Structures are given as C-alpha cells and as structure tokens.
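Chemist: Dumping the structure here so I can ask a few things about it.
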Amino acid sequence: MEYGLSLLPDCDPDTASASRYFSDVLEASVLAETLGLGYVKMTEHYLSSYGGYCPSPLAFLSAVAARTRSVRLMTGGIQASFHHPVQIAAQAAQLDVLSRGRLDVGFARAFLPYEFEAFGVDLDSSRERFVATIDAVVRLWTESDVSEETPFFRYAGANSLPMPVQQPAPPVWIAALATPASFVWAAERGFNLLISSTQLTEMHRRREGIDLYRNTFLAKHGPAGRRPKVAVSIPLLIADTDDEARDVAVPLMLKSFAAFKKAILSWENVESPAYAGYTAMARQLASFDLAAEGLEAKAMVGSPDTVRGRLDEVRDVLDPDVVLWNVDFGGQSLDTMARTLTLFADKVMPAGCPGGTMLG
C-alpha cells in the first residue's frame with residue numbers, strides 16, 4: 001500500500017485562523033514528503049466550517065507543488081457541478097505543468113444543499129451535470145476541436161490550453177460512498193476510486209462497493225492490461241500510548257464532528273430524489289452522540305502498535321492501494337500533526353519501504 005495526506009479544514013476563525021491553518025498544513029505536506037508519503041489531497045467546500053477554508057484545492061496544491069519535489073498532488077475533490085469544464089480542464093492542466101506532471105484529479109459530487117443554493121445549481125439534476133462535466137473535461141485534455149451541447153454548457157471547436165504534461169491525461173479519481181451506480185460508472189470510465197469517508201466499523205459494507213468497482217473495471221479494462229486503483233481516507237492520530245492518543249483525539253474529533261454535523265443538518269428540511277437517504281441521515285445525525293458511539297467508528301487513534309493492528313484490518317478487509325490519512329481534523333496544531341506523521345513513518349510503516357509502500 002501507498003500512503004498520503006487527506007486534508008479537510010473543519011475549523012473556523014474561533015478554532016484556528018485561515019493563515020495558521022494553511023501554514024500548518026503546508027508544513028505537514030512538506031514533512032509528509034520527507035517521511036516518504038506519496039500523496040497530498042485537499043478537498044473543496046464553501047460557506048461553513050466544514051471545508052469552507054478551501055474553496056480551491058488547485059490553489060492550495062500549487063503552494064504544495066512549490067515546496068515539494070515528488071509528492072503527488074490530489075484534488076479530493078473538485079465539485080464538478082459547480083464549475084464549467086473549460087475552466088477545470090485548463091486550471092488543472094496548468095497545475096500539472098507547474099508541478100511537472102504530479103497532479104491527480106479527484107472529482108466529488110457535491111452534497112450540501114446550501115452550496116447548491118448559493119451557486120444556483122439544481123440538486124435534482126446534479127448527477128447528470130456531474131457526469132457531463134467530467135466527461136467534457138477528459139475530452140478537453142485528450143482531443144482537439146471539442147464541441148459539447150448539453151443542458152448545462154455548450155461550446156464548439158474548443159482547444160484547451162495548456163495541455164497536461166501527463167498523457168493522455170492526469171489520473172482521475174471519483175469519490176464514492178455507497179451508491180452502486182457510482183462504483184459502476186467510475187469503473188466503466190476507467191477512473192480510480194476514492195472512498196472519501198471510511199466508517200471503520202462498517203468496512204465489510206464498504207468492501208461490497210469496492211468489489212463491484214474492481215470487478216466492473218477488470219471486465220471492461222482488464223484485457224488491455226489496466227488495473228483498478230482504490231484509495232481510502234481515514235482520520236489518524238498517534239501518540240506513545242493509547243490513553244494519550246485518546247486524550248488528544250477526543251476533543252479534536254468532537255470539534256470535527258460538530259462541523260460535519262452542522263453541515264449535514266442542512267438536509268433536515270430538504271428532499272431530493274438525486275440524494276435518496278440524505279434527509280433521513282440528517283435526522284439520524286441530529287441525535288447521534290459521537291462520544292457515546294466511540295472513536296472506533298470514525299478514526300484510527302492509538303499507539304503505534306494499536307494503529308498497526310487496525311491498519312492490518314483495513315488491509316485485510318478493504319485491500320486498498322492507497323491509504324490517505326486525515327491528520328488535520330479539529331483544527332489541530334502542526335505539532336500534533338507532525339507527531340502523528342513521524343510516529344507513523346518511524347513505527348508503523350515498515351523500515352526500508354520507499355515511497356510509503358507497505359510490504360505484505
């Protein structure tokens with residue numbers, strides 16, 4: 001397995017200033033490369049403490065690119081429904097050029113009602129817009145004189161510039177969670193799969209979607225020698241002992257969960273056939289108590305030995321190609337992030353595994 005960072009700012013000015021947050025995660029990104037991790041991923045969100053500090057993952061990753069030499073730069077993900085494909089194609093290709101071919105482009109289907117309302121985008125047609133936008137971006141990277149006529153955008157004879165360094169295109173990742181159609185679509189298109197929210201206590205359920213993705217991918221692209229690739233994102237905090245790790249992690253996880261809960265509760269009085277189950281999920285979350293449920297459902301927290309054991313379980317059940325560690329939850333300090341990363345590299349990753357690859 002390979003490893004990397006998965007960043008999602010869930011803080012606000014009362015928790016950590018934007019200047020402090022970005023200074024800290026940029027330093028953490030440089031440290032991650034130094035320690036042998038292979039990816040830095042950043043999300044995109046708006047208008048709340050859940051991700052709102054980073055409306056542009058490409059801008060953040062440009063800053064990472066300027067400070068690093070080899071780490072892969074992953075958007076996790078661009079919310080395709082809120083952007084024109086010509087903008088995405090050109091801006092992403094520009095970063096691929098600036099980074100000398102280190103960009104991985106992850107796309108996510110936006111899911112927060114207040115973001116759709118602010119952008120004037122219809123929730124019910126978001127799936128169709130998402131698919132059309134990504135297909136159009138790939139065409140702009142790989143074809144010339146591209147024309148599109150969709151309900152969402154139209155243009156004729158477009159030639160996107162600059163073109164990406166990576167040919168035929170940068171790797172594309174699709175964030176998915178539970179909908180079978182999303183796994184099938186990503187596989188049929190030949191895209192990589194990003195499991196953006198891994199419930200550690202429900203890994204066997206996640207495996208069903210991963211198996212569907214892998215089997216569909218191999219049936220369509222296996223004869224050409226292509227292989228599916230799966231990444232999972234998991235919150236991580238390591239300390240010398242389990243008790244110390246929990247003492248540090250609990251208040252941070254509570255802050256992080258509060259930001260997520262506030263965002264997802266925007267579904268309480270919203271219904272959309274394109275997001276079946278979200279309204280019910282919001283109502284369930286209204287009474288969910290993270291402290292009562294325990295950290296085990298949400299995060300990997302503990303001593304190096306404990307984390308190693310739980311990581312073995314993730315490998316056995318999900319068999320991911322890449323594990324992306326969410327180390328910035330709760331607006332934690334650089335010192336806390338650095339300690340987690342250093343302990344992971346020194347005591348969890350096997351010695352002599354370049355590029356963050358775990359043998360086994």
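Just so you know, all these numbers are worked out from the coordinates, no wet-lab data involved. This one's a predicted model, so the numbers in the text were calculated from it and none came from an experiment. Virtual Cβ from ideal backbone geometry, glycine too; neighbours counted across all protein chains shown.
Chemist: What is the diffusion coefficient of the chain in µm²/s, taking the Kirkwood radius over Cα pairs and the Stokes-Einstein relation at 37 °C with a viscosity of 0.692 mPa s?
Modeler: On the way: Rh = 20.8 Å.
So the translational diffusion coefficient is about 158 µm²/s.
Chemist: Modelling each spin label as a point 7 Å along the Cα-to-Cβ direction, I'd like the Glu149/Met281 distance in nm, to one decimal.
Modeler: Reported label-point gap for Glu149 and Met281 is 3.7 nm.
Chemist: Could you tell me what a quarter of the Cα convex hull surface of the range 259-349 works out to, in nm² with one decimal place?
Modeler: 7.9 nm²
Chemist: Right, here's the next one. Mean projection of the alpha-carbon convex hull of the range 221-296 over all orientations, in nm²? It would help to have the intermediate numbers written out before the result.
Modeler: Details: hull surface 34.6 nm².
Answer in nm², one decimal: 8.7.
Chemist: With an 8 Å Cα cut-off and a minimum separation of 6 or more residues, compute the relative contact order for the range 2-348 in percent.
Modeler: Details: 647 pairs, mean separation 72.0, N = 347.
About 21 percent, as a whole number.
Chemist: So, one more: Among the listed pairs Lys262/Lys347; Lys229/Lys255; Lys262/Lys298; Lys229/Lys298; Lys229/Lys347, which are separated by more than 28 Å between their Cα atoms?
Modeler: Correct reply: Lys262/Lys347; Lys229/Lys255.
Chemist: Which whole-Hz ³J(HN,Hα) couplings does the range 221-236 yield from phi under the Karplus relation 6.51 cos²θ - 1.76 cosθ + 1.60, θ = phi - 60°, glycine and proline marked x?
Modeler: Per residue, the Karplus-derived 3J(HN,Hα) values read 10, x, x, 8, x, 8, 10, x, 9, 10, 10, 10, 10, 9, x, 9 Hz.
Chemist: If you put +1 on each Lys and Arg Cβ and -1 on each Asp and Glu Cβ, how big is the dipole of the range 215-340 around its Cα centre, in Debye rounded to 20?
Modeler: 720 debye
Chemist: Give me the net charge of Cys11's neighbourhood, meaning all other residues with Cβ under 14 Å from the Cβ of Cys11; Lys, Arg count +1, Asp, Glu -1. Mind dumping the intermediate values first?
Modeler: Details: positive: Arg20, Lys255, Lys262; negative: Asp10, Asp12, Asp14, Asp24, Asp328.
Surrounding charge for Cys11 is -2.
Chemist: Report the Stokes-Einstein translational diffusion coefficient (µm² s⁻¹, integer) for the range 12-101, Rh taken as the Kirkwood radius over Cα pairs, at 37 °C with viscosity 0.692 mPa s.
Modeler: Result for D is 238 µm²/s.
Chemist: If contacts are Cα pairs under 8 angstrom and at least 6 residues apart, what is the relative contact order of the range 161-238 in percent?
Modeler: That works out to 32 percent.
Chemist: Count charges around Met163 for me, please; just the other residues with Cβ under 15 Å from its Cβ, Lys/Arg as +1, Asp/Glu as -1.
Modeler: Here the charged neighbours net out to -1.
Chemist: Cα centroids of the range 207-266 and the range 90-106: how far apart, whole angstrom?
Modeler: 24 Å
Chemist: A further question follows. Please compute the modelled spin-label separation between Thr241 and His221, points set 7 Å along Cα→Cβ, answer in nm with one decimal.
Modeler: 4.8 nm
Chemist: Also, quick follow-up: Taking the Cβ of each residue in Met74, Met337 as the centre, tally the other Cβ atoms inside 10 Å and list the residues starting with the fewest.
Modeler: In order of increasing Cβ crowding within 10 Å: Met337, Met74.
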